[in-house]
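J.: To start, I am sharing the structure in question, which I have written as structure tokens.
The values are calculated or read from the model by the stated rules, or taken from the named source; none is laboratory data. Keep in mind that this is a model prediction, so the values were computed, not measured. Here Cβ is always computed from backbone atoms with ideal geometry, including for glycine, and neighbour counts include all displayed protein chains.
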Amino acid sequence: MDTPHAILRSSLQSMHALLDKAVEGMTADQLNFRPSEGGVSGFFSLWHYVRTEDNIVNYVTQGRPTVWLNGGYNEQFGLPRNSQGTGMTTEEANAVQVQDVKAWHAYQQGVWAATDDYLASMSPDEFNSRKVTIKPLGEMSLWQGIYGVCLSHGYRHVGEIEYVRGVQGLGGLTI
């Protein structure tokens, strides 16, 4: 029988694969497209999620620099150094765009690898015994931080990207 730790690790790997598939083959213009009905671009949703996971797994949980900062991706993409989108105005969110899709995918894969490496090396006992503070949400167990804020949150953004794909005629359902 799989442990909660193994289930979480496998579930994050599956969600990462869905995010990868959701943006597979999309151009910068397609990723940056904003539906006329409102909302954010597929890229904003993706950027927000990947940056959030990077922050939680690397900075909040391990006290290490993020993949974002280690790789100088904020400078490479001309995007905020510390923000991951929470609380941005519509104008600020609309300014979050990608031009170099290949470089973005390299960053995204780096975050997926860092998350998996961390989960592979950690003690499952840490999930409930350890507390983390995720701003602006507050203090919670490590389990809630990774399961609730990373995994559950990630599936929401898969759906947003699927919607943006669909309204562009790219097909919404990637599974």
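J.: Quick check on region 89-99: of everything there that is surrounded by 12 or more Cβ atoms within 10 Å (Cβ to Cβ) and not in a loop (DSSP other than H, G, I, E, B), which residue is nearest to the chain's Cα centre (by Cα)?
T.: Once the filter is applied, the top-ranked residue is A93.
J.: Which one of Y49, Y59 is more than 27 Å from G171 (Cβ to Cβ), within 16 Å of the chain's Cα centre (by Cα) and among the aromatic types (F, W, Y)?
T.: Y59
J.: Quick one: how many residues across region 121-156 are within 30 Å of G25 (Cα to Cα) and hydrophobic (A, V, I, L, M, F, W, C)?
T.: Of the residues in region 121-156, 4 are within 30 Å of G25 (Cα to Cα) and hydrophobic (A, V, I, L, M, F, W, C).
J.: Return the only residue of R156, R165 being surrounded by 14 or more Cβ atoms within 10 Å (Cβ to Cβ), in a helix (DSSP H, G or I) and among the charged types (D, E, K, R). Outline the logic, then answer.
T.: On the way: R156 fails: surrounded by 14 or more Cβ atoms within 10 Å (Cβ to Cβ).
Sole residue among the options that is surrounded by 14 or more Cβ atoms within 10 Å (Cβ to Cβ), in a helix (DSSP H, G or I) and among the charged types (D, E, K, R): R165.
J.: Can I ask one more? Just to be sure before I move on: is E53 among the acidic types (D, E), in a helix (DSSP H, G or I) and surrounded by fewer than 18 Cβ atoms within 10 Å (Cβ to Cβ) in the structure I sent?
T.: no
J.: Another question about this same structure. Every residue in region 117-148 that is without any contact (Cβ under 8 Å) to a residue 60 or more places away in the chain and part of a strand (DSSP E or B), please.
T.: Within region 117-148, K131, G138, E139, M140, S141 meet the criteria.
J.: The conditions are (1) more than 13 Å from V50 (Cβ to Cβ); (2) touching a residue at least 40 places away in the same chain (Cβ under 8 Å); (3) more than 13 Å from the chain's Cα centre (by Cα); (4) surrounded by 13 or more Cβ atoms within 10 Å (Cβ to Cβ), and L151 fails exactly one of them. Which is it?
T.: Unmet condition: (3).
J.: If T86 passes every condition in (1) part of a helix (DSSP H, G or I); (2) within 21 Å of P136 (Cα to Cα); (3) under 16 Å from the mean Cα position of the chain (by Cα) but one, which one does it miss?
T.: (1)
J.: I've got another one for you. Any idea how many residues of region 19-50 are part of a helix (DSSP H, G or I), at pLDDT below 95 and surrounded by fewer than 22 Cβ atoms within 10 Å (Cβ to Cβ)?
T.: 1
J.: Just checking, which of G85, G72 is surrounded by fewer than 13 Cβ atoms within 10 Å (Cβ to Cβ) and of a type in the set (G, A, S)?
T.: After applying the criteria, what remains is G72.
J.: Another question, if that's okay. What is the one condition in (1) surrounded by 12 or more Cβ atoms within 10 Å (Cβ to Cβ); (2) assigned to a helix (DSSP H, G or I) that K102 does not satisfy?
T.: (1)
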